[in-house]
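S.K.: Attaching a single structure in structure tokens format; questions to follow.
The values are calculated or read from the model by the stated rules, or taken from the named source; none is laboratory data. Values in this document were obtained by computation on a predicted structure and should not be read as measured data. Reconstructed Cβ throughout: ideal geometry from the backbone, glycine too, with neighbour counts over all protein chains shown. Please note that ligands, DNA and RNA were not included when accessible areas were found on the heavy atoms of the full protein model with its side chains. Shrake-Rupley method; radii C 1.70, N 1.55, O 1.52, S 1.80 Å.
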Amino acid sequence: GNSVTQMEGPVTLSEEAFLTINCTYTATGYPSLFWYVQYPGEGLQLLLKATKADDKGSNKGFEATYRKETTSFHLEKGSVQVSDSAVYFCALSAGANNLFFGTGTRLTVIP
Amino acid sequence: NAGVTQTPKFQVLKTGQSMTLQCAQDMNHEYMSWYRQDPGMGLRLIHYSVGAGITDQGEVPNGYNVSRSTTEDFPLRLLSAAPSQTSVYFCASREVPSGGAETQYFGPGTRLLVL
């Protein structure tokens, strides 16, 4: 079946620190992979996506590379800001079905 | 475009009461979905629709009903609320899939408390 496992939080970093949030997946077929972000009090927004192996998604300084050999899609950012504080969700889409989400990782960035 | 809108933002119910959570989108998307978000569980799919007149169950459909009479609207009904339905509910929409990489657009959520 389809499932997503992401690192448990919460994660607390100082401003300008390096961020990695791990995400691994199990899927039948060839899924598309996504990172969604949820800011406090809001719904989820697409942060980045990748549709095939070795694709790199990027947005707002965040990056993630689709690694088929390790079934991973880890989220990284070189220098986090206070405004990046949010909950981050890894997700996959396999064919015409809806998204399968990880449990979310809460990131807090302190000045 | 307003995107995906949800009402109400917050609701308190007593056990056994019924209510309808409203969801509307103005992007002419065929696909619409309802998720619930619980601590430590991520988002779980309740029901979804691939077009007007067509609905199907997701991962956690029990206790919820849906209908899709128009492309724009996808209400979620709780016929007899239970404390286990205390959660945050998100509606989402997306275009017809063409490879599985379509972006889902989420509403701002409805926070429901069942006493």
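S.K.: Give the accessible surface of the protein assembly as shown per residue, rounded to a whole number of Å², with probe radius 1.4 Å and ligands, DNA and RNA excluded. All intermediate terms of the calculation are to be shown ahead of the outcome.
M.R.: Numbers: 10450 Å² over 226 residues.
Using a 1.4 Å probe on heavy atoms only, each residue of the protein assembly as shown averages 46 Å².
S.K.: How large is the charge dipole for chain A, taken about the Cα centre, if only the Cβ atoms of Lys, Arg (+1) and Asp, Glu (-1) carry charge, to the nearest 20 debye? Mind showing how you got there, number by number?
M.R.: Numbers: 8 positive and 10 negative charges, 58 e Å.
Charge dipole of chain A: 280 debye, to the nearest 20.
S.K.: Ignoring ligands, DNA and RNA, what percent of the 1.4 Å accessible area of the protein assembly as shown is carbon and sulfur? Working shown, then result.
M.R.: Numbers: 5150 of 10450 Å².
Summing carbon and sulfur atoms, their accessible area is 49 percent of the total for the protein assembly as shown.
S.K.: For Cα pairs less than 8 Å apart in space and 6+ apart in sequence, what is the mean separation divided by the residue count of the range B:40-115, i.e. the relative contact order in percent? Mind dumping the intermediate values first?
M.R.: Values: 112 pairs, mean separation 16.2, N = 76.
Worked out over the range B:40-115, it gives 21 percent.
S.K.: Then there is this: Efficiency by 1/(1 + (r/R0)^6): what FRET value for A:THR5 and B:GLU30, r their Cβ-Cβ distance, R0 = 25 Å, to the nearest 0.05?
M.R.: Values: r = 30 Å, r/R0 = 1.21.
Approximately 0.25, to the nearest 0.05.
S.K.: Express in whole angstrom the spacing between the alpha-carbon centres of the range A:20-35 and the range A:69-104.
M.R.: Cα centroid to Cα centroid, the span is 8 Å.
S.K.: Tell me which GluC sites (Glu not before Pro) from the range A:1-85 have a DSSP coil assignment and no more than 11 other beta carbons within 10 Å of their own. Walk me through the intermediate numbers first.
M.R.: On the way: sites: A:GLU8, A:GLU15, A:GLU16, A:GLU42, A:GLU63, A:GLU69, A:GLU76; in loops: A:GLU8, A:GLU15, A:GLU16, A:GLU42, A:GLU69.
Filter output for the range A:1-85: A:GLU16, A:GLU69.
S.K.: On to the next question. For the protein assembly as shown, give the magnitude of the charge dipole about the Cα centre (Cβ charges: +1 Lys/Arg, -1 Asp/Glu; no others), in debye to the nearest 20. If you can, show how the numbers build up before the last one.
M.R.: Details: 16 positive and 19 negative charges, 90 e Å.
Dipole about the Cα centre, nearest 20: 440 debye.
S.K.: Right, something else. What are the lysines whose alpha-carbon lies under 20 Å from the alpha-carbon of A:LYS56, with same-chain residues fewer than 8 places away excluded?
M.R.: Within the straight-line limit of under 20 Å, A:LYS56 reaches these lysines: A:LYS68, A:LYS77.
S.K.: While we're here: Looking at chain B, identify the longest residue range that excludes and avoids all GluC sites (Glu not before Pro) in DSSP loops having at most 15 other Cβ atoms within 10 Å. Numbers along the way, then the final one.
M.R.: On the way: sites that count: B:GLU59, B:GLU95.
Here the longest run is B:1-58.
S.K.: While we're here: Of all trypsin sites (Lys or Arg not before Pro) in the range B:3-77, which ones are in loop regions per DSSP and have a Cβ with at most 12 other Cβ atoms within 10 Å? Spell out each step's value before the answer.
M.R.: On the way: sites: B:LYS9, B:LYS14, B:ARG36, B:ARG44, B:ARG68, B:ARG77; in loops: B:LYS9, B:LYS14, B:ARG68.
Within the range B:3-77, the qualifying trypsin sites (Lys or Arg not before Pro) (loop, at most 12 other Cβ atoms within 10 Å) are B:LYS9, B:LYS14.
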